[in-house]
Amino acid sequence: MVDKIRKENRMPYYIFSSNSREREETVKKLLKINQNHDIRRVWAEYNNDRSHESRIKGILSLKCKNTYRGIPGYWVKIESDSNDYGKQTLLYLHNIIGIERINDNVFYPKTALSFKELESEWQKKYRFKNGNQHPESYRIFFKEIKMLMSENQLNNAYYGLILLLQTKSGFLKKYNRYTILEDLAFRLDQEGDFDRAERCLRLQRKVMPDSSFPALNISNLYLLNGMSEKAVRVLRSSLKKHPNDQYLMHNYIMALSNEGNYHLAVATLKKILEKDINNSFYWKLLADLFYETEDLQTAIKCYRKALYGDIEEIQEDIRADIYFGMAACFYETNQYKKAKQYYLKVLKTFPEDHYTLMNVSQICFHHLDEPEEALKYAKIVEEKGSDNGYIHYQLGLIYMALEIREKAKWHLYKARRMIPYFQPVHEALHQLRSLENKTQKLTFDK
């Protein structure tokens, strides 16, 4: 019982180190271990020794920890004797280690700070200016930056990456760490901080000067923000270095299209296809351009060439896009059976795609006189959790056509609650009431 009470009253302290070497030096100082001794053996013997005579300033044990309150580091957890509530131990730790490395005194930003403030505190914590800093310190700092991002402390994460690049410029090149810059960029853009988002991706270009990924990412940022002209300039330059990069070419064609420069976009793709006639990806891009300019017959021809090219070599989602484009063209040229056929091909790849399911349902109901088929696909959308007014409107119409009026009424009333300003719902309810009144009148007349 006495041992249990002692254990409950132990005062824990956590000491931060930024790398394993620093942690071992800390333990050496605390346990007064001679430089010539095996630190790990002495450390283990100290923790296992139950005689209180050998205790140093009330320290009962020292254990390695990876985090303290979620903060990464090479921590040492110290349990102290409860006789003086750890005051003797704490004073000893202050004198030997310093208060700034103990418990909550260890720096970790909680609010947005300036770069100067953060740099000062992080330099004290990690001692980057020592020049010969241990590689583990940079890895711990990188974990801290990622933790700041997970807490949505984007300002501090941004300045952390700036400092990391200043102190260890090559660190982000390894193990795809550079992707953190694009993650942060798009998070900043979502928060409305476009300037910093752009700077993040420019930094990524400096980190990876020979890669096409930074140009792809920054062009995505420009396209998302309606800056197609900037995207064109970046992509044109990058395509000179990476002429066979299909993703760069995709963004380049999109940017030209957004600028309304369809002639150059079409000419660019035709020139590529002269040398690579079986490239399904580029035939698909060309078909998309003709679809946008409402040249549907030419678009269909290009989609067909995409399907007969190296279709097996391209990604499954791009193949589904080709089928979707074909379906859209057939729908707009009133070829509804073919449109349904190609939408069903899309569903083989994405069986729960709500938009495609609704398209099939509407084609079956409005154009092919297949209300049972229409009901099947609309119910899949509903069962997969799409609770919106338009699906209830569609189901209401189908049940009304199938003369299942109670279900029709239920779905149409629900649609009216969800989309009260959608006039077709009110018209459908009026039609349903007219049918019910007519049925009641016929019954009464009989």
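Coordinate-derived values only; no laboratory data. Everything quoted here is computed from the prediction, not taken from an experiment. Virtual Cβ from ideal backbone geometry, glycine too; neighbours counted across all protein chains shown.
List the chymotrypsin sites (Phe, Trp or Tyr not before Pro) within the range 58-150 that fall in a DSSP loop (any state other than H, G, I, E or B) and whose Cβ has at most 15 other Cβ atoms within 10 Å.
Tyr85
What is the helix-to-structure angle for 213-224, meaning the angle in degrees between its Cα long axis and the longest Cα principal axis of the chain, kept from 0 to 90 and rounded to the nearest 10?
50
Of Arg233, Arg55, Arg139, which is the most mobile in a GNM of the chain whose springs link Cα atoms less than 10 angstrom apart?
So, out of Arg233, Arg55, Arg139, the one fluctuating most is Arg55.
Can you give me the Rg/Rh ratio for the range 181-294, using Cα atoms for both radii and the Kirkwood formula for Rh? Can you show the working numbers first?
Values: Rg = 14.7 Å, Rh = 14.6 Å.
Result for the range 181-294 is an Rg/Rh of 1.00.
Along the Cα→Cβ direction, 7 angstrom out, place labels at Lys77 and Lys174. What is the inter-label distance in nm?
2.9
Based on the alpha-carbon set only, what is the convex hull volume of the range 109-209 divided per residue, in Å³?
Per residue, the Cα convex hull of the range 109-209 comes to 94 Å³.
When only alpha-carbon atoms count, how far does the chain stretch along each of its three principal axes, as whole angstroms with the largest first?
For the chain, the Cα spread along each principal axis is 104, 69, 38 Å.
Two decimals is fine: what's Rg over Rh for the range 250-316, C-alpha atoms, Kirkwood radius as Rh?
Expressed as Rg/Rh, it is 0.95.
Give me the number: length gained by fully extending Asp104 to Glu121, i.e. 0.36 nm times residue separation minus the C-alpha to C-alpha distance, one decimal in nm.
Gain in length upon complete extension: 4.7 nm.
Whole percent per 10 Å bin, from 0 to the bin with the longest distance: what is P(r) over all C-alpha pairs of the range 294-446?
All Cα pairs considered, the percentages come to 11, 32, 29, 18, 8, 2, 1.
Given Leu118, Leu223, Gln431, which one lies farthest toward the positive end of the charge dipole of the chain, if we put +1 on the Cβ of every Lys and Arg and -1 on the Cβ of every Asp and Glu?
Leu118
Under a crude label model (7 Å from the Cα following the beta-carbon direction), how far is Ser20 from Gln335 in nanometres?
6.6
Can you compute the FRET efficiency between Lys240 and Asn34 using 1/(1 + (r/R0)^6), with r the Cβ-Cβ distance and R0 = 60 Å? Round to the nearest 0.05. Mind dumping the intermediate values first?
Working: r = 63 Å, r/R0 = 1.06.
It comes to 0.40.
At 0.36 nm per residue, and after removing the present C-alpha to C-alpha distance, how many nm does the segment from Thr293 to Asn225 gain when stretched out fully?
Gain in length upon complete extension: 22.2 nm.
Taking the 0 to 90 degree range and rounding to the nearest ten, how far is the long axis of helix 354-366 tilted relative to the main principal axis of the chain, both from C-alpha atoms?
Approximately 10 degrees, to the nearest ten.
Work out how much length Gln315 to Glu403 would gain on full extension: take 0.36 nm times their residue separation and subtract the Cα-Cα distance, in nm to one decimal.
27.3 nm
Find which of Ala374, Ala415, Tyr336 sits farthest along the positive direction of the dipole of the range 289-446, computed with +1 on the beta-carbon of Lys and Arg, -1 on that of Asp and Glu, about the Cα centre.
Comparing the listed Cα positions along the dipole, Ala415 ranks first.
Which one, Gln133, Thr298, Met149, is farthest towards the positive end of the dipole of the chain when Lys and Arg carry +1 and Asp and Glu -1 on their Cβ?
Of the options given, the answer is Gln133.
Work out the FRET efficiency for Ala267 and Leu368 from their Cβ-Cβ distance, taking R0 = 25 Å, and round it to the nearest 0.05.
Numbers: r = 39 Å, r/R0 = 1.58.
Working from the Cβ atoms, E equals 0.05.
Hey, got the dipole for the chain? About the Cα centre, +1 on K and R Cβ, -1 on D and E Cβ, debye to the nearest 20?
1560
Working from Cα positions, state the angle (0 to 90°, nearest 10) between the long axis of helix 423-445 and the longest principal axis of the chain.
In the chain, helix 423-445 runs at an angle near 50 degrees to the longest axis.
Using a 7 Å offset from the Cα along the Cα-to-Cβ direction at both Ser114 and Arg41, what is the distance between the two label points in nm, to one decimal?
5.4
Using the 2.2 N^0.38 Å rule of thumb for compact globular proteins, work out how the range 157-209 stacks up: its C-alpha Rg over that value, please.
For the range 157-209, the normalised Cα radius of gyration comes out at 1.05.
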